Amino acid sequence: MGQISKETIERVRQATDIVDLINSYVLLKRAGTAFKACCPFHNEKTPSFQVNPARQSFHCFGCGKGGDAIAFITEYENLPFTDAVKRLAQRAGIAVVEDAHDPQEDENRRARGRLMDLLRDTAQFMHERLLRDPAAEHARAYMKSRGFGAEMAKRWLIGWMPRNPAEYLNWAKDRKFAGRDLVASGMAGLRDENHPAEGLYVRFTDRLMFPIRNEIGDVIAFSGRKLREEQQGGKYQNSPATPVFNKSRVLFALDRAKRPILTEKRALLCEGQLDVIACHEAGVEQAIATQGTALTTEHAMLLKRYTKDVVICYDADAAGLTSTDRAFRELAAQGLSVRVVRMPAGDDPDSFLKTHGAAAFGELVDGAAEFFDFKLDLARSDGRLDDATQRATLLALCAEMLAVMTDFAARENMINVVAGRLQVSATVLREEIAGRKRRERSRPKGAEPESPLTEAREIAAPMHHIVAFLSELALGSLTAQHFLAEQFESLHEAAPWVEGITILEKILAAGPDPRSPAAIHEFMGSLTEPERLALVNSLHADSVPGEDLQAAEQALAALSAVVLQKRDIAVKAALKQPGISPEKTIALLEEAKELSALMREMRQRSHFDDELPASTWKPKEPEWKKRWRQTNQ
């Protein structure tokens, strides 16, 4: 009879959250760090059936039944073990292939146990070298420079791999560990894959060594920090994938952090081991980190077993911000709530704790912002909320991230928040999200997911149709160009409210002669690709009724009306915000009154609204654009 491999069974266990599984059969209620219900296996009135998310197990104190997710399905559905695994595999989308009985299975199990023995003993070997070996003085000095002493090293079993690889190889040989054991564990590799007789090399030499443990505390791999600048390799070097270690499924310090995470009801996600250790040493024991990789779907599923709330505490540099976005996508897709710590520039948790102390760091963590508030606050500080074009780009980015959220109520709340801060209606944002989802569904299988950051470089820059019309006039008429240049200050004041003003400003600042194809070509070459696309893809007419000057004046009046309308909407939205001060309320009411008077006066003077009359447009292509296209074909 065929059997399912141990690796497949383990994958099924890891992919199944026992709380979600049992909750689909029995209504569970949280009770502290666990969940309770009336037992589905015997009649009772007082709940004695308990589900432990940390251990991924269930137990009934009434009838004594218990076990993991597979055991629950086996008992509840009255299925054989193999069928129960298949049922859960189908639920998790995992393909199950039954293998013929392998007589090597027992040997493989023993080999796995031997790897665990080797890794455990290696951790102790390196730890003793760090504490006692005179050659490790520089390693001890480095730890001291980071504020860590011998007691911390003992608590975390920190070690040092000797610079001379023979020391470790001889130690392993004395303990009867074969070369194949060292290679399988990731501690060593073959000098020549095709000629094993060439011998082994030790993967880590003269590095400060951090043991990596699984959820139950077994050492399964290592991360080594280099101690000399001239050393080859990166600052950190991690164990390769082995039969017991996959970095995409391991979170550093989760074995220590899982109980504090359940108690605090949140996890603190950091970037590196030293940050995590510094947090734990300071009493912030819910800290964890990924292991030399970006956060993965497996990481997010693992965290979901322990909490619904993740606080990200990455460095405040460009790499940290990019990693924060990636982590949000994975966490939000699993229904987790994400907040972000606002770290001061140049600081990480380790340096901040040493400078400001645990209490100040605790305040930072407690004050973590909702992910979208963090993103938009950062955009505001960078000035990106003051420009309509950049707000449109932010809208696309936020829509992409909102689209991955699986918590409907949380997403609806965030849609309203984001729409308000980007000065668009929630309906517009929902349409953008729906478009993102449609494009994702139609994406060919295996193709890279759509990236708003890539799009920002490839698609046309956002451009309001009136601004596009004015740009056409400035490139096609010297009279209109001179007139608009005189209105430069008024146009600049419109930039926070309508898209594309920056492009128009570039035209007016450069002043290319509309009568010279060479001048137009040179100017177009000075624009970014999105800006060129915005102009070239516009389909406005090559002429309008009346003089160019009259057309420019009318379009400018229409643009002013749009700005007034958008300012009015923004003021009314601000008045609805909770917690605004009386002084702020009075100022906003005065502004609203002024805007209302200006809009009333404009309506009396002109029939224009935010749309130019359809009769002003013709399907013919502007001459300057036609020449530019011909030159660049």
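The values are calculated or read from the model by the stated rules, or taken from the named source; none is laboratory data. Please read all numbers here as calculations on a predicted model, not as lab measurements. Ideal geometry is used to build each Cβ from the backbone, glycine not excepted, and the neighbour counts take in all protein chains shown. Quick note on the areas: whole protein, heavy atoms, side chains included, nothing else; ligands and nucleic acids left out. Shrake-Rupley method; radii C 1.70, N 1.55, O 1.52, S 1.80 Å.
The lysines within cross-link reach of Lys6, meaning a Cα-to-Cα straight distance under 18 Å and a gap of 8 or more places when in the same chain, are Lys86. Of the heavy-atom accessible surface of the range 344-450 (probe 1.4 angstrom), what whole percent is carbon and sulfur? So the carbon and sulfur contribution to the accessible surface is 53 percent. Positive end of the dipole of the range 42-95, charges at C-beta (+1 Lys, Arg; -1 Asp, Glu), about the Cα centre: which of Ala89, Cys63, Phe49 has its Cα farthest in that direction? So the residue we want is Ala89. Near Glu198, within a Cβ-to-Cβ distance under 12 Å, what is the net charge of the other residues, with Lys and Arg +1 and Asp and Glu -1? Spelling it out: positives minus negatives among the neighbours equals -1.
Our summary of shape: the Cα atoms of the range 130-275 have principal axis extents of 54, 34, 28 Å, ordered from largest down, in whole angstrom. Using the Cβ-Cβ distance between Ala111 and Gln550 with R0 set to 60 Å, the FRET efficiency works out to roughly 0.10.
Quick check: net charge around Ser351, other residues with Cβ under 11 Å of its Cβ, Lys/Arg +1 and Asp/Glu -1? Once positives and negatives cancel, what remains is -3.
Applying a DSSP loop filter and a limit of 13 other Cβ atoms within 10 Å to the trypsin sites (Lys or Arg not before Pro) in the range 71-178 leaves Arg175, Lys176. Using a cutoff of 8 angstrom between alpha carbon atoms and counting only pairs six or more residues apart, the relative contact order for the chain works out to 7 percent. Along its three principal directions, the equivalent ellipsoid of the range 215-259 from the Cα gyration tensor extends over semi-axes of 24, 13, 8 Å, largest first.
Averaged over its residues, the range 52-169 has an accessible area of 55 Å² per residue, based on protein heavy atoms and a 1.4 Å probe.
Please list, in order, the residues from the range 182-205 whose amide nitrogen is less than 17 Å from a point placed 7 Å along the Cα→Cβ vector of Leu227. What the label zone holds, given the 17 Å backbone N cut-off, is 202-205. Helix 623-632 and the longest principal axis of the C-alpha atoms of the chain enclose an angle of approximately 40°.
Quick check: at a probe of 1.4 Å, how many percent of the accessible area of the range 30-98 sits on carbon and sulfur atoms?
Accessible surface attributable to carbon and sulfur in the range 30-98 totals 47 percent.
Just to confirm a number: summing +1 for Lys and Arg and -1 for Asp and Glu over residues other than Asp317 whose beta-carbon lies under 12 angstrom from that of Asp317, what do you get? For residues surrounding Asp317, the net value is -4. Only lysines eight or more places from Lys576 in sequence, or on another chain, were considered; those with a Cα closer than 25 Å are Lys375, Lys566, Lys584, Lys593.
With N as its number of residues, the chain has a Cα radius of gyration that, divided by 2.2 N^0.38 Å, comes to 1.24. Report, in listed order, any pair from Lys173/Lys247; Lys265/Lys572; Lys258/Lys437 with a Cα-Cα distance greater than 32 Å. In this structure, Lys265/Lys572; Lys258/Lys437 exceed 32 Å between Cα atoms.
Within the accessible area of the range 135-258, what % is carbon and sulfur when the probe is 1.4 Å and the other protein chains stay in place?
Answer for the range 135-258: carbon and sulfur cover 47 percent of the accessible area.
Using the Cβ-Cβ distance between Arg342 and Ala166 with R0 set to 56 Å, the FRET efficiency from 1/(1 + (r/R0)^6) comes to roughly 0.70. The coefficient of translational diffusion for the range 181-265, derived via Stokes-Einstein from the alpha carbon Kirkwood radius under 10 °C and 1.306 mPa s, stands at 109 µm²/s.
If you plug the beta carbon distance of Ala95 and Phe41 into 1/(1 + (r/R0)^6) with R0 = 45 Å, you get a FRET efficiency near 0.90.
Residue-normalised convex hull volume from the C-alpha trace of the range 220-373: 118 Å³ per residue. For a straight C-alpha distance cut-off of 21 angstrom, the lysines reachable from Lys506 (same-chain residues fewer than eight places away being disregarded) are Lys625, Lys626.
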